[in-house]
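> Mind having a look at this structure? Questions to follow.
The values are calculated or read from the model by the stated rules, or taken from the named source; none is laboratory data. Treat the numbers as computed from the prediction; the structure is a model and nothing was measured. All Cβ positions, even for glycine, are placed from backbone atoms using ideal geometry, and neighbour counts span all protein chains on display. When the accessible area is computed, the model is the full protein with side chains, heavy atoms only, and any ligands, DNA or RNA have been set aside. Shrake-Rupley method; radii C 1.70, N 1.55, O 1.52, S 1.80 Å.
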Amino acid sequence: MNKQQRLPLWTELLELQHRYVHALDNNRLEDWPGFFVEDCRYEIIPKENFDAGLPAPIVYCRNAGMLRDRVLSLRNANIFEDHVYRHATSGLVITAVEEGVVHTQSSYIVVITGQAGDSSVYQAGTYLDEVVQHEGEWRYRSKRVVYDTLRVPTLLATPI
């Protein structure tokens, strides 16, 4: 893929990522599964496990139905402190394009603000995504959220 082909694709994938974090940052969790194809994977895994090749994510959803169930649970069953996330993303790079699947990598930081109004860096890490075309739109086929820290400071309720 040459630069003239890569730049428009990169722009479209950056726009997808910005819409994704915008939905999460604005508590539009019901929109979250719509960023994925039905046969998808979403996982949040510590970097330590990822680097060691240990398949032990702390969150694992293997299809969009599981994503919708997670949102339903967050809205109706889980108990956690109300909070707001603000994502900052950077460094989106297309790492491969093969058989209609675009592989990307980017960095993220999530700042959390609790009910008391204190803000802190909640998590930082890497998105490893596989993106495909679905009905004329880009959708995530796989989103692996690899966080750098060894532990999660509070309940990991909201998707990253």
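> Quick check on my filter: what residues within segment 1-60 are basic (Lys, Arg) and over 29 Å from ASP82 (Cβ atoms)?
Passing the criteria: LYS3, ARG6.
> If you don't mind, there's one more thing I want to ask. Within segment 26-46, count every residue that is assigned to a helix (DSSP H, G or I) and either open to solvent by 20 Å² or more (accessible area, probe 1.4 Å) or among the small types (Gly, Ala, Ser) (or both).
So the answer is 3.
> Specify the residue that is most open to solvent (accessible area, probe 1.4 Å); the eligible residues are those in segment 68-109 that are among the β-branched types (Val, Ile, Thr), touching a residue at least 40 places away in the same chain (Cβ under 8 Å) and under 16 Å from LEU128 (Cβ atoms).
Top of the filtered list is VAL97.
> Looking only at segment 107-160, count how many residues are part of a loop (DSSP other than H, G, I, E, B) and among the hydrophobic types (A, V, I, L, M, F, W, C).
Residues that pass the stated criteria total 7.
> So, one more: Right, SER107: polar (S, T, N, Q) and at pLDDT 95 or above or not?
In short, yes.
> Check off (1) in contact with a Pro (Cβ under 9 Å, 6 or more places away or on another chain); (2) among the aliphatic types (A, V, I, L, M); (3) assigned to a strand (DSSP E or B) for VAL71 and give me the number that stays unchecked.
(3)
> Quick check on segment 11-23. Is at least one of its residues open to solvent by 70 Å² or more (accessible area, probe 1.4 Å), touching a Ser or Thr at 6+ places or on another chain (Cβ under 8 Å) and closer than 25 Å to THR149 by Cα?
Scanning segment 11-23, I find at least one residue that is open to solvent by 70 Å² or more (accessible area, probe 1.4 Å), touching a Ser or Thr at 6+ places or on another chain (Cβ under 8 Å) and closer than 25 Å to THR149 by Cα, so the answer is yes.
> Next question. Restricting to segment 71-99, name every residue that is among the small types (Gly, Ala, Ser) and at pLDDT below 95.
SER73, ALA77
> Do you know which residues across segment 47-67 are assigned to a helix (DSSP H, G or I), open to solvent by 50 Å² or more (accessible area, probe 1.4 Å) and small (Gly, Ala, Ser)?
Of everything in segment 47-67, just one residue is assigned to a helix (DSSP H, G or I), open to solvent by 50 Å² or more (accessible area, probe 1.4 Å) and small (Gly, Ala, Ser), namely ALA52.
> Has segment 121-131 got at least one residue that is open to solvent by 80 Å² or more (accessible area, probe 1.4 Å) and either touching a residue at least 24 places away in the same chain (Cβ under 8 Å) or at positive phi (or both)?
Scanning segment 121-131, I find no residue that is open to solvent by 80 Å² or more (accessible area, probe 1.4 Å) and either touching a residue at least 24 places away in the same chain (Cβ under 8 Å) or at positive phi (or both), so the answer is no.
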